[in-house]
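Encoded as structure tokens, the structure appears first; notes follow it.
All of the numbers you see were taken from the coordinates with simple rules; none came from a lab. The model shown is predicted, which means the values in this text are computed figures rather than measured ones. Cβ atoms come from the backbone with ideal geometry, glycine included; neighbour counts cover every protein chain shown.
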Amino acid sequence: MSQPTILGLSTRTAGAMMAFTAAFTALMAFTYEATHEQIAASANDEKMKLVTEVLASDAYDNTLLDDYVQLGPTRELGLDHGGRVYRARKAGAPAGLLLEATAPDGYSGNIELIVAIRPDGTVNGVRVVAHRETPGLGDYIDPKKDKDKKSPWIGQFAGLSPAAQPLDAWKVKKDGGQINSHAGATISARAVTNAVARAARYAGANRERLFGAATGASL
Amino acid sequence: MDLRAYRDIAWNGWWKQNPGVVQILGMCPTLAITTSIVNAVSLGLATVLVMAMSNLASSLLRNFIPYEIRIPVFILIIAALTTVVDLAMNAYLHSLYLVLGIFIPLIVTNCIVLARIEAFAAKNEPLASTLDGAAMGLGATMVLTVLGAMRELIGNGTLFSGIEMVIPGAHEIQVFGGDYPGFLTFILPPGAFFALGCLIAGRNWLEARRQARARSNPPAPQAPAAPDPTSAEPA
């Protein structure tokens, strides 16, 4: 058997590599085809689960996740890259706004929130979507990690209303407000509280504009 | 291969060549994800799946893979199968997938997976290779689980937190009651090193005791096992 030439060897191995690549890419493509609908449905379910925690499903009758306006970068909500506002309606009348908001000043980077505001400006509920606060210390802002399961910290926002309490007073107790925070972990609580106050102010100031825009419109 | 050989393969993965505490391979997921039992077991089982499947695939294809390009092909196999597991988990175990996040794709870079293909599956028949992958994966999972349990218990005072993501309706166990103040160091990365150090020490102690006993009872019923060709010392 003669010594293979460099060209012959590289052609042969490249051919083999190509064949393996094609076969395994096909496997991945097949799996993607088989799962992508289920993945989209799971992501939607996950989002709805969070939505249901801040806004009861009998409070509205539209397809909430399809009725949204797209915001560009919005400083009031801390959204550097834009975000969405979902509009809940019952029998066509405004039933609430679901705002994506970011608290940029968490202890460890951004805290992403979803804030539900009733038409009269009252906060209906707040949930943390994503955060990197210290496990066991600042992560009580997420009710899944909050040790107090009966009345989690984030529940304090439900029912806060600008009519009963001026927005300037929505602060943690350490800053002169009325929101409790855990000793030694005020920064996470302060970041969330301030972001909720900003979101409530934004929703109050832009209510007509947000509800009036066409579905899917960019503001 | 007879039954004895299969038993040796399983024993290698579980104890003698355990990836976590003997070979000390694949430390990135071992240290990063073991903040709770549920995370540890989930990532461990995903690793078992990838290891068994990639060992099987590599073993089946071993006579068709040109020797010169075996490493790229092995990596291709691992990456493709990890993608399959990643997509499947995303579709059917979505909330768990959100927790494990970037660690599932990182199975590709877990050197224990490639190490077992190169050291075992490339030279052995499919059944033995699959068993080797699964046994090594389970050995790693065992270490992950014990690490996760230690860190969760000491750091947080709970066991099985997050179980509701896998089994809806199940609840975590508050071992020390709701007032446990927690021990943050064990949840943070340093705790992973402390806990792993204790595990390695414990395994070495058990092994040393076993060998001392074997020495004090000289007429061993079986001939000592031949040196394992795959038991290269970890670098």
*With N denoting the number of residues in chain A, provide Rg(C-alpha) divided by 2.2 N^0.38 Å, to two decimal places.*
1.42
*Summing +1 for each Lys or Arg and -1 for each Asp or Glu, what net charge is found among the other residues whose Cβ lies under 15 Å from the Cβ of B:Pro168?*
-2
*What residue among A:Glu133, A:Glu76, A:Glu37 shows peak mean-square fluctuation when chain A is described by a Gaussian network model with Cα springs under 10 Å?*
A:Glu37
_For a quick check, take a GNM of chain A with Cα springs below 10 Å and name the residue from A:Thr186, A:Thr21, A:Thr134 with the largest mean-square fluctuation._
A:Thr21
*lysines near A:Lys47 by alpha-carbon distance under 16 Å, same-chain residues fewer than 8 away left out - which ones?*
A:Lys144
_5 Å binning of all Cα-Cα separations within region A:38-91, expressed as whole percents from 0 upward_ = 5, 17, 22, 22, 21, 12, 2, 0
*When the helices in the protein assembly as shown are scored as -39500 (n - 2.57) per DSSP H run of 4 or longer and the sum is shared across all residues, what 222 nm value do you end up with, to the nearest 500 deg cm²/dmol?*
-16000 deg cm²/dmol
*How about B:Lys123: which lysines have a C-alpha closer than 29 Å to its C-alpha, ignoring those fewer than 8 places off in the same chain?*
B:Lys16
*Tilt of helix A:6-54 relative to the longest C-alpha principal axis of chain A, in degrees (0 to 90, nearest 10)?*
20
_Set the bar at 21 Å for Cα to Cα. Now go through A:Lys49/A:Lys149; A:Lys49/A:Lys171; A:Lys49/A:Lys173 and name every pair that lies beyond it._
A:Lys49/A:Lys171; A:Lys49/A:Lys173
*Give the angle, between 0 and 90 degrees and rounded to the nearest 10, that separates the Cα long axis of helix A:186-212 from the longest principal axis of the Cα atoms of chain A.*
90
*Sort region B:35-79 into rounded, prolate or oblate with this rule: let a ≥ b ≥ c be the square roots of the eigenvalues of the Cα gyration tensor; rounded if a/c is under 1.5, and if a/c is not under 1.5, prolate when a/b is larger than b/c, oblate otherwise.*
prolate
_Charge sum, other residues only, whose C-beta stays under 15 Å from A:Pro94's C-beta, Lys/Arg counted +1 and Asp/Glu -1_ = +2
_With the cut-off at 1.5 for a/c, could you classify the protein assembly as shown from its C-alpha gyration tensor as rounded, prolate or oblate?_
oblate
*asked:* Pick from A:Leu99, A:Leu167, A:Leu27 the residue whose mean-square fluctuation is largest in a GNM of chain A, springs joining Cα atoms under 10 Å.
replied: A:Leu27
*Averaged over every viewing direction, what's the projected area of the C-alpha convex hull for region B:36-183? Give it in nm², one decimal, please.*
9.4
